[in-house]
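These notes are about the structure you will find just below.
The values are calculated or read from the model by the stated rules, or taken from the named source; none is laboratory data. Only a predicted model underlies this, so the values are computations on that prediction, with no experimental measurement involved. Note that each Cβ is placed from the backbone with ideal geometry, even for glycine, and that neighbours are counted across all protein chains shown.
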Ligand SMILES: Cc1cc2nc3c(=O)[nH]c(=O)nc-3n(C[C@H](O)[C@H](O)[C@H](O)COP(=O)(O)OP(=O)(O)OC[C@H]3O[C@@H](n4cnc5c(N)ncnc54)[C@H](O)[C@@H]3O)c2cc1C
Ligand code: SF4
């Protein structure tokens, strides 16, 4: 099958590229590994999505939460299905036997957006330091993507810091009482917080209007309101806007005078242009092997994150029973060069049903005796998850070894001090807001576990080997564009996917 444009992958970057190309009237074919949720999980989702939460059966409630989400990637099983990180037979060697990092590829239809946290922020002006493009280049594409993903949130203290997106049309989400009280307390200290370079506000989420406040977000949204690139691709294919071919695994590509040939488990495909949107690890393998860069090591940049638990002093009733969503409730941004050269982004989570089991695990053999204490503490817990810029984070070295990727850890001697400064500033903010920061319990995320990773084929004004131009074309190629996070020159702290999608949309609009 041939097409004028082929996109590899149906995740957020693929769908953003598809949106821009089809708007230009291009003939688009999406080739995708495209694993799907098991039939029983789909049936569970559809049954729950067809009723209001108070009409859900106890069996369905139990089934959706059967696999409790933890820090382990394989615990993310939307509606109880493990399809998000399942490996197709052809890709069986992606599991990381050396345990160097926690980043995982997804071969699902919709990619990682089947299990993501849906937090969205544009990058700050200074986040484009070292990039060949600026915030102004991405601004119109942020707007276009915001319309597709359903931006929830409100215009508040974050608007002045992140001018990349207007929030005039955004709908607020049903925030928890804990979050409302937290933000109200911060409002009363606004001036002092401003002097510390702290901006704060309600979280911004890629959630379409109509949230039922059913608190199931961590298990999958039965109403399909959390943005999922797979749903969008399915809709575009059903409306004949593009063609979609699942179970198609690309194994390589080669350019010729008039276009590109894609090699796959389903034979060869011809296109005038190719857009590679397979996610950071599969893209590294595909591009290195297709370009014959056998000896080249790519550096996959990471955004170091950590967890800081805090206990609030105020009473907010029983947070377990109130209607709310369970994704990030608030964002704190630290814009102070004394803490970090770049803006630090933190996501705040209030009560969810993973807190008590997580604490029980930590109490080990004493969990039984400590049960009342654990239950009480979990209801007063707010967890901050700050992210750092890749300049102060460790990275992953990846190169081909017998056709597969081999990894090594690249440490960064600035990470520990940066985490310390951020922890201290967050603790200061927590106390001002009436919380006790449990700093000895701070927990760093393992390498790659933020899934905010990229930078393996960075965009440069004058690209050399292993680098790309402003349109994501590897040096020397004319018809092949990488459009996922692999081409980011750095990985700034704010959420990555909104910028990945805006950049893919920019490239596909201009290519
Ligand atoms: C638990 C979790 C929480 C997250 N939370 C957030 C968040 O709150 N905010 C945020 O900004 N980001 C978040 N992320 C990151 C976000 O999910 C990714 O940035 C985003 O999905 C990347 O999109 P992508 O299209 O580049 O790649 P992917 O989503 O990985 O999609 C890759 C696509 O390529 C296909 N594919 C792969 N290899 C091949 C091949 N060889 N041939 C054909 N098809 C192939 C796959 O089937 C898939 O369709 C989170 C990620 C995880 C795992
Ligand atoms: S609370 Fe979460 S899962 Fe429930 S409707 Fe809202 S977004 Fe969907």
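For the range 240-267, the set of residues classified as in a loop (DSSP other than H, G, I, E, B) and within 23 Å of residue 91 (Cα to Cα) consists of 246, 247, 248, 249, 265, 266, listed by residue number.
If you filter the range 497-511 down to residues that are in contact with a strand residue (DSSP E or B) (Cβ under 7 Å, 6 or more places away or on another chain) and over 13 Å from residue 133 (Cα atoms), you find that the one that is farthest from ligand 2 (Cβ to nearest atom) is 511. Filtered by the rule that a residue be more than 8 Å from ligand 2 (Cβ to nearest atom) and over 22 Å from residue 122 (Cβ atoms), the range 188-218 gives 188, 189, 190, 191, 192, 195, 196, 218. Go through the range 319-346 residue by residue and tally those that are within 16 Å of ligand 2 (Cβ to nearest atom), in a loop (DSSP other than H, G, I, E, B) and more than 19 Å from residue 157 (Cβ to Cβ). The number of residues fulfilling the criteria is 8.
Yes/no matrix, rows are residues, columns are (1) near ligand 1 (Cβ under 9 Å from one of its atoms); (2) modelled with pLDDT under 95:
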| site | (1), (2) |
| --- | --- |
| 56 | no, no |
| 67 | no, yes |
| 74 | no, yes |
| 80 | no, yes |
| 84 | yes, no |
| 92 | no, yes |
| 99 | no, yes |
| 102 | no, yes |
| 119 | yes, no |
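Looking across the range 475-498, the residues that are in contact with a helix residue (DSSP H, G or I) (Cβ under 7 Å, 6 or more places away or on another chain) and assigned to a helix (DSSP H, G or I) come down to 485, 486, 497, 498.
Within the range 233-250, residues that are touching a residue at least 12 places away in the same chain (Cβ under 8 Å) and farther than 15 Å from residue 21 by Cβ have Cβ atoms under 8 Å from residues that are assigned to a loop (DSSP other than H, G, I, E, B) and away from ligand 1 (no atom under 13 Å from the Cβ) in these pairs: 245/1, counting only partners at least 6 apart in sequence or on another chain. Across the range 171-199, the qualifying residues are those that are part of a loop (DSSP other than H, G, I, E, B) and away from ligand 1 (no atom under 16 Å from the Cβ), and the one among them that is nearest to residue 337 (Cα to Cα) is 197.
Taking the conditions (1) in contact with a helix residue (DSSP H, G or I) (Cβ under 6 Å, 6 or more places away or on another chain); (2) closer than 30 Å to residue 392 by Cα; (3) within 16 Å of ligand 1 (Cβ to nearest atom) in turn, residue 325 satisfies each one other than (2).
Yes or no, residue by residue, for (1) surrounded by fewer than 20 Cβ atoms within 10 Å (Cβ to Cβ); (2) under 30 Å from residue 214 (Cα atoms):
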residue: 235; (1), (2): yes, yes
residue: 251; (1), (2): yes, no
residue: 268; (1), (2): yes, no
residue: 288; (1), (2): no, no
residue: 300; (1), (2): no, no
residue: 307; (1), (2): yes, yes
residue: 310; (1), (2): no, yes
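Screening residue 123 with (1) within 19 Å of residue 304 (Cα to Cα); (2) more than 13 Å from ligand 1 (Cβ to nearest atom) gives one miss only, at (2). Checking each residue in the range 200-216 for being within 14 Å of ligand 1 (Cβ to nearest atom) and either assigned to a strand (DSSP E or B) or surrounded by fewer than 22 Cβ atoms within 10 Å (Cβ to Cβ) (or both) picks out 205, 206, 207.
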